[in-house]
Amino acid sequence: MKYQPVIGLEVHVQLLTDTKIFCGCPTKFGSEPNSQTCPVCLGLPGALPVLNKKVVEFAIKAGLSTNCSITPRSIFARKNYFYPDLPKGYQISQFEDPICQRGWLDIQLEGQAVKRIGITRIHMEEDAGKLVHGDLPGLHDGSGVDLNRACTPLLEVVSEPDLRSSDEAVSYLKQLHQIVTWLGICDGNMEEGSFRCDANVSVMPVGSDTLGTRAEVKNVNSFKFVKQAIEYEIQRQIDLIEDGGTVVQETRLFDPNLGKTRSMRSKEEAHDYRYFPDPDLVPLVIDDEWVERSRRELPELPEQRRQRFITELGLPEYDAEVLTANRALSEYFEAGVAAHGNAKAVANWVMGEITRSLNDSGTAIQDCPVTPLLLAELLKLIDGGTISGKIAKTVFDEMWKSGKAPHVIVEEQGLVQVSDSGAIEAIIDGIMAANAGQVEEYRGGKEKVFGFFVGQVMKASKGKANPAVVNQLLLDKLKG
């Protein structure tokens with residue numbers, strides 16, 4: 001490629017607080033339009049904002065988890081612009097002194113070395129309202145403004161322009177998404193806008209040190225669309241340059257139906273917003289004790305837990321990656337290991353039957369009807385030879401439906417594995433007598449026929465025969 005993409009991401013993380021950042025209105029999603037508002041979030045004259053302490057605590061945890069420095073004294077600023085969904089005519093944000101600065105996240109694409117992506121800043125701000133278009137009561141084809149979302153707390157996470165492909169951008173975005181959901185500070189729901197991304201994209205000739213003019217693709221709300229939007233924008237800019245045109249600095253929107261970006265408005269510079277300190281909010285002072293207390297309260301982070309699963313539990317890298325995809329799943333797995341002991345056996349079932357059943361039923365791991373203790377009991381029945389692995393899957397399906405303990409299901413349905421060699425030997429003798437031709441084939445060197453005999457024995461025993469005993473007895477008898 002003659003051109004090198006340069007990508008930086010601005011991610012808006014909606015915080016899981018019960019109330020808004022500067023007032024006591026609830027943040028519940030999906031309520032009646034304008035039912036969660038007050039003079040503060042409506043921007044009425046004389047109403048004064050009061051900072052929500054929980055927002056600050058969440059911001060500190062996000063900063064520590066992304067290797068940022070916490071600013072001892074940060075201030076809020078007014079970002080001035082005029083849009084129908086911004087009731088005050090300005091947004092309360094942070095500009096010169098954000099709460100978190102100079103962090104980083106490491107990403108790694110398959111087959112490539114680890115790459116460190118810088119984080120310029122994380123700052124707190126309030127969200128705007130929402131424009132609602134279409135057939136509204138009393139408005140026909142007009143538009144309305146829902147200000148329920150106004151003043152909802154956000155963190156804006158701004159990366160350095162260190163990303164060089166759409167795949168790197170998605171990898172960084174997924175890791176950030178995993179961290180904020182792991183911490184419990186954001187639900188990560190991209191469809192509802194709880195986690196959304198602005199992508200700044202430019203291209204420059206390979207080998208050049210001069211950055212190209214960037215375009216900002218606004219509010220992309222899925223990993224898939226981020227990848228598509230960036231790839232389209234890279235190619236659009238390259239085609240424009242090669243046709244003799246000039247890339248202009250602008251804000252663009254991504255149309256997922258067409259897979260294209262389109263121009264929205266010219267891109268503002270910082271001075272266009274006329275930032276100045278908000279006179280209604282005093283500077284925020286965060287002492288070392290507060291930072292250290294927040295650090296102690298941090299949970300074990302995904303990368304730390306992934307490494308521990310590999311080094312201490314002996315799991316393969318793939319298993320550790322899957323089992324740390326979200327915090328609740330990793331905690332379910334660890335509870336299963338604590339109750340059973342064999343990490344790999346528990347991992348196989350969590351990644352297999354548990355995950356399959358969760359996906360098929362649309363159930364969250366927190367609501368899984370098969371608890372870690374019940375799963376451990378099921379695995380112990382396999383270990384003790386009471387049931388086979390195949391019977392265990394039947395038992396598991398019934399556990400999922402009924403919530404009963406595995407030993408109860410085994411007893412009720414008579415699923416105990418048959419390990420008595422005498423009983424199994426009688427079955428084998430009958431099958432060999434009925435299939436003399438296949439016996440001769442095996443003894444003549446056609447060893448693939450062995451599987452036929454195993455299948456017949458398992459069928460005759462209704463799956464209850466112990467496979468290890470069946471294999472050994474068959475080998476002995478077929479040898480003649």
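Of note:
- Kirkwood hydrodynamic radius over Cα pairs of the chain, then Stokes diffusion coefficient at 4 °C and 1.567 mPa s, in µm²/s: 48
- On the basis of the beta-carbon distance and an R0 of 51 Å, Ser461 and Glu192 show a calculated FRET efficiency of 0.45.
- Extension gain, Thr246 back to Lys401 (0.36 nm per residue minus Cα-Cα distance, nm): 49.6 nm
- For the range 3-290, the share of DSSP beta bridges that are antiparallel, to the nearest 5, is 95%.
- Spin-label model, Thr355/Ala434: points 7 Å from Cα along the beta carbon direction are separated by 4.0 nm.
- Cβ crowding within 10 Å averaged over residues, with 323-331, 251-259, 394-402 ranked highest first: 323-331, 394-402, 251-259
- Over 29 Å (Cα to Cα) - which of Lys115/Lys227; Lys174/Lys404; Lys54/Lys174 fall in this group: Lys174/Lys404
- Modelled spin-label separation between Asn326 and Gln108, with each label point placed 7 Å from Cα along the Cα-to-Cβ direction: 2.5 nm.
- With a simple spin-label model that places each label point 7 Å from the Cα along the Cα-to-Cβ direction, the separation between Asp280 and Gln307 comes to 4.5 nm.
- Within the chain, helix-based [θ] at 222 nm, where runs of 4 or more DSSP H residues each add -39,500 (n - 2.57), nearest 500: -12000 deg cm²/dmol
- Sequentially through the range 73-81, phi angles give Karplus couplings (6.51, -1.76, 1.60; θ = phi - 60°) of 9, 10, 10, 9, 10, 9, 9, 8, 7 Hz, Gly and Pro residues having no value and appearing as x.
- D (Stokes-Einstein, µm²/s), Kirkwood Cα radius, the range 254-373, 1.567 mPa s at 4 °C: 68
- For Arg149, residues with placed amide H under 5 Å, excluding near neighbours: Lys130
- Residue-span extension gain [Glu425 to Asp167] - 0.36 nm each, minus C-alpha spacing: 87.1 nm
- Whole-Hz Karplus values for the range 10-16 come out as 10, 10, 9, 10, 7, 8, 8 Hz, taken residue by residue from phi with 6.51 cos²θ - 1.76 cosθ + 1.60 and θ = phi - 60°; glycine and proline positions read x.
- Residues in the range 275-306 that a label on Ala47 would reach, taking backbone N under 18 Å of a point 7 Å out along Cα→Cβ: 279-281
- For the range 421-478: relative contact order, % (alpha-carbon pairs under 8 angstrom, 6 or more apart): 42
- Look at where the Cα atoms of the range 191-219 and of the range 453-477 average out, and the two centres are 62 Å apart.
- R0 of 22 Å, Cβ-Cβ distance Phe450-Thr394: FRET efficiency to nearest 0.05: 0.30
- Global form of the range 421-478, assessed from the alpha-carbon gyration tensor, a/c cut-off 1.5: prolate
- Shape category assigned to the range 3-290 from the gyration tensor of Cα positions, a/c cut at 1.5: oblate
- Rounded to 0.05, the FRET efficiency of the Phe82 and Ala335 pair, given R0 = 51 Å and the Cβ-Cβ distance, is 0.45.
- Highest mean first, the peptides 56-64, 464-472 sorted by other C-beta atoms within 10 Å per residue fall in the order 56-64, 464-472.
- Only beta bridges with both residues in the chain are counted; by DSSP, about 90 percent of them are antiparallel.
Laboratory data are not the source of any read-out in this text; all were calculated from the coordinates shown. Remember, it's a predicted structure, so these values are computed and weren't measured experimentally. Because the Cβ atoms are built from the backbone with ideal geometry, glycine has one as well, and the counts that use them run over all protein chains shown.
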